[in-house]
């Protein structure tokens, strides 16, 4: 009986807690661990605005929760292709640039991207690429592109992202086909390539592909550049190579949902993040490419020398566009090929 | 309910069987605890990515205490699992008893419905519950998370209790009723005590399921009601560091200490 | 308990029919099931006939299209594989878990609850951390290979991790307690005199065990099978982490519709068929069991 009483008290307390939403609040829905705790605390200390940080682990998790009607978020962190979709569906609020003077710190190269040509809705947060990690102690032959990775001699020595669209994109790159035009003809061409590739892979892992490489269970991988940067920091034998055929570049952005209850606080947070000394903290925790040129000047020579974070100029990089219904075709294709083994 | 007298020793011919059972149980416990031992040892590993052993350190225990989000998530998980377990035990035990005790047309339908949450893929349960809560205008938070957890936990209690009920002597309740007890009293004072082992088993399962659930929770939680699995899963992206092992080690040691302490108290208290 | 005087026979039909009090007690569970099981299932059912929306979510129309796609041999093969792994896991769990459950049920009253708690405690750490501990053990230069090499059992490290063996180890590890606990629940009430009597009548310990004890704990075994087999069919996190996500399970396929393909209606249709198959099997087994009992 006592347990029941405690329970009722807990329930009442939690109701009370959720009912109280004081002014000066910010509901941030972002990638797990992507916004460092120090940044959140620093913002609250300076502005008095309390940050409620809720996390997700993929763009589709974010979209699912929003579409199913969850939460009243003030600031979200989708990747560029999800943002493009949300702009088209009028799910994002336009930014008030007068409130964001620190926009001047951003790398002009990332301005006017296809997902938001006028930069009206989105601010780049970090960007990264998908590329090849080579354990140079074991693999002595030069690895330049996708075709060098997927060779019969590397059977069961490979880890790749467990992401069906990525897999098909690499196949399209290796065939010299455009990666954002997914139609039955392109998929028919990609199919035999992917079929050969899935037979060679030892591990599919999107969450922590570095584990299999560090453990020595595999020698080569196609992974997020952030993973590759962590590997390089751990041991310089892990070299990052951007595939010669071309590579996927992603841009994680900050955006304000159209129905956000605290838009002013959201602007304040974006402007805070854009300060060089704040953005630098993000870089220290997450070795992706920082679009904030001011922050880059504050990084150490070693951080800037990390080839996974700051790849040499001249690489062929392309962002994903939303492919609509074709995503289902890709899923069917890869599921089919994987289960045929 | 008086504690039953210790059982008589088995006749010597069955000793072999007993030895076998003890040996087998030891082996299974080794299987259960080998990964846990590894996990605890690695909580003292100085390597941040915790994949190869470097050297002994206690720093992760210190860092754990400073990591407010992780501590908060652990606290939330305990509260949510505790509340879900209490509710699941009530719903599951009463439900099992009524389904066992009475014959009515809806019984088989209810029985099947109870099993649905066990088979429903987590993502479907998460999204459909979120749609329901959003449509009903409920704010996400502890309440919604506990509702979700009870929904997939209480069938486990119900099934465990039902298995126990199947061998229960029907004369037990009738006797109590004859002696003048109301059906409610008969249930509380006669049936529940005889179901205790199954209720404990069910409660343990419910608590464990709730402590470890990730996907349903993701959809029906708010920023405040973050749980441990969600926090841990997020950390996998930056690399699971030994801090998480340290947290697990503390959990385990606290439970084991609790077990030993309660055993010690029982020994002290005179019968 | 046998000391209680025999009851005058109640008319069984009357006492078995629920009165208003019983209905009042039943009401919370029925309402709970309606609100949080029936309504969500109904939502899924509706969604499974809709069309996909580009951001996820659905466009409300009526189409059989999603159900046409479900009955593709690819998904059938994946489903069969999932059932196979779940079945194998269940069998191994019964074999490993039964003696343990029985042993705990025989222990002294105080020790019983302690042992029970000790079965469960390993699972109060997070799933990911436990699985990573297994990876530390099974990986190529891991603890198991190190041990076997140093004892000269093997000359080359075994490639254990990311194989079906690793998947089965992971599944058995995760589900074993859910087999042990219900069996314990029904074995605890058995009297030692039963096995003694069987023994006195000349049955060897194995016969006494298999022909007296096991049948009496059948409800526990059945419950454990349900609690292990059913959740194991949809499990995919362990197969992904320990098996390298090389072969998809039915759980992966459903999850992917939401988190990769953004095709909710098809995911809902897969789920509806999955649950329907389960419910049908369950109802058939139950009615058979009921006929058996009468």
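Check whether at least one residue in region C:250-270 is within 11 Å of chain A (Cβ to nearest Cβ), at pLDDT 85 or above, surrounded by 12 or more Cβ atoms within 10 Å (Cβ to Cβ) and over 24 Å from residue C:59 (Cβ atoms), and report yes or no. Yes, the conditions are met somewhere in region C:250-270.
Going through (1) farther than 18 Å from residue B:126 by Cα; (2) within 11 Å of chain B (Cβ to nearest Cβ) one by one, residue A:86 falls short only on (2). Would you mind finding the one in C:248, C:215, C:265, C:205 that is over 30 Å from residue A:65 (Cα atoms) and touching a helix residue (DSSP H, G or I) at 6+ places or on another chain (Cβ under 6 Å)? Just one listed residue meets the conditions, C:205. Checking region A:87-98 against the condition returns no match, with no residue being within 17 Å of the chain's Cα centre (by Cα), part of a helix (DSSP H, G or I) and not assigned by TED's automatic domain parsing to the domain that holds residue A:165. If you go through region A:193-200 one residue at a time, do you hit one that is within 11 Å of another protein chain (Cβ to nearest Cβ) and touching a strand residue (DSSP E or B) at 6+ places or on another chain (Cβ under 9 Å)? There is at least one residue in region A:193-200 that is within 11 Å of another protein chain (Cβ to nearest Cβ) and touching a strand residue (DSSP E or B) at 6+ places or on another chain (Cβ under 9 Å). When restricted to residues that are in a helix (DSSP H, G or I) and more than 7 Å from chain B (Cβ to nearest Cβ), region C:197-211 contains 8. Among the residues of region A:110-157, those identified as in a helix (DSSP H, G or I), under 23 Å from residue A:190 (Cβ atoms) and touching a strand residue (DSSP E or B) at 6+ places or on another chain (Cβ under 7 Å) are A:149, A:154. Of the listed requirements (1) at the interface with another protein chain (Cβ under 8 Å from one of its Cβ atoms); (2) within 18 Å of residue B:38 (Cα to Cα); (3) modelled with pLDDT of 90 or more, residue C:140 misses just one: (3). Over 21 Å from the mean Cα position of the chain (by Cα), outside the structural domain of residue A:89 (by TED's automatic domain parsing) and touching a residue at least 24 places away in the same chain (Cβ under 8 Å): is that true of residue A:183 in this structure? Yes. Looking at region B:173-189, is at least one residue at the interface with another protein chain (Cβ under 8 Å from one of its Cβ atoms) and within 16 Å of residue B:73 (Cβ to Cβ)? No. Summed over region A:271-286, residues that are outside any helix (DSSP H, G or I) and free of Cβ contacts under 8 Å to residues at least 40 places away in the same chain total 0. Please go through region B:232-246 and give me each residue that is outside any loop (DSSP other than H, G, I, E, B) and either without any contact (Cβ under 8 Å) to a residue 24 or more places away in the chain or facing another protein chain (nearest Cβ under 8 Å) (or both), ordered by number. Selection gives B:232, B:233, B:234, B:235, B:244, B:245. Taking the criterion of being over 21 Å from the mean Cα position of the chain (by Cα) and exposed (fewer than 12 other Cβ atoms within 10 Å of the Cβ), the residues of region A:99-133 that qualify are A:101, A:104, A:118. Restricted to region B:176-226, the set of helices (runs of 4 or more DSSP H) holding at least 1 residues that are under 20 Å from the mean Cα position of the chain (by Cα) comprises B:192-211, B:215-220.
Please specify each residue of region C:92-127 satisfying the condition of being over 25 Å from residue B:259 (Cα atoms), in contact with a helix residue (DSSP H, G or I) (Cβ under 9 Å, 6 or more places away or on another chain) and free of Cβ contacts under 8 Å to residues at least 12 places away in the same chain. None; the set is empty. Out of the residues in region B:121-143 that are under 18 Å from residue B:212 (Cα atoms) and over 19 Å from the mean Cα position of the chain (by Cα), state the one that is surrounded by the most Cβ atoms within 10 Å (Cβ to Cβ). The residue in question is B:124.
With (1) part of a helix (DSSP H, G or I); (2) at pLDDT 95 or above; (3) farther than 29 Å from residue C:162 by Cα as the list, and residue A:194 as the residue in question, which single condition is left unmet? Just one mismatch for residue A:194, condition (3).
Yes/no per residue for (1) more than 28 Å from residue B:230 (Cβ to Cβ); (2) modelled with pLDDT of 95 or more; (3) not in a helix (DSSP H, G or I):
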position	(1), (2), (3)
A:177	yes, yes, yes
A:207	no, no, yes
A:217	no, no, yes
A:226	no, no, no
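Within the option set C:214, C:230, being more than 10 Å from chain B (Cβ to nearest Cβ), part of a helix (DSSP H, G or I) and surrounded by fewer than 24 Cβ atoms within 10 Å (Cβ to Cβ) holds for one residue only, C:214.
When region A:226-254 is filtered for residues that are under 12 Å from residue A:307 (Cα atoms) and either in contact with a strand residue (DSSP E or B) (Cβ under 7 Å, 6 or more places away or on another chain) or surrounded by fewer than 23 Cβ atoms within 10 Å (Cβ to Cβ) (or both), the ones remaining, listed by number, are A:226, A:228, A:231, A:232, A:233, A:236, A:238, A:239, A:240, A:241, A:242. The single condition among (1) at pLDDT below 90; (2) surrounded by fewer than 16 Cβ atoms within 10 Å (Cβ to Cβ) that residue B:30 does not meet is (1). You will find that of C:194, C:190, the residue that is within 30 Å of residue B:17 (Cα to Cα), in contact with a helix residue (DSSP H, G or I) (Cβ under 7 Å, 6 or more places away or on another chain) and part of a loop (DSSP other than H, G, I, E, B) is C:190 and no other. Of the helices (runs of 4 or more DSSP H) lying entirely inside region C:84-153, those containing at least 2 residues that are crowded, with 21+ Cβ neighbours inside 10 Å are C:109-120, C:127-138.
Against the test of being modelled with pLDDT of 90 or more, within 29 Å of residue C:240 (Cβ to Cβ) and more than 10 Å from every other protein chain (Cβ to nearest Cβ), the options C:75, C:84 yield a single qualifying residue, C:84. Name every residue in region A:295-326 that is within 22 Å of residue A:247 (Cβ to Cβ), facing another protein chain (nearest Cβ under 10 Å) and modelled with pLDDT under 90, in order of residue number. Of everything in region A:295-326, those that are within 22 Å of residue A:247 (Cβ to Cβ), facing another protein chain (nearest Cβ under 10 Å) and modelled with pLDDT under 90 turn out to be A:322, A:323.
Among the residues making up region B:191-225, those that are more than 20 Å from residue C:123 (Cβ to Cβ), surrounded by fewer than 23 Cβ atoms within 10 Å (Cβ to Cβ), within 11 Å of chain A (Cβ to nearest Cβ) and in contact (Cβ under 8 Å) with a residue 24 or more places away in the chain are B:222, B:224.
The values are calculated or read from the model by the stated rules, or taken from the named source; none is laboratory data. The structure presented is a predicted model; accordingly, all values stated were derived computationally and were not measured. Using ideal geometry, Cβ is built from the backbone for each residue, glycine included, and neighbour counts are taken over all protein chains shown.
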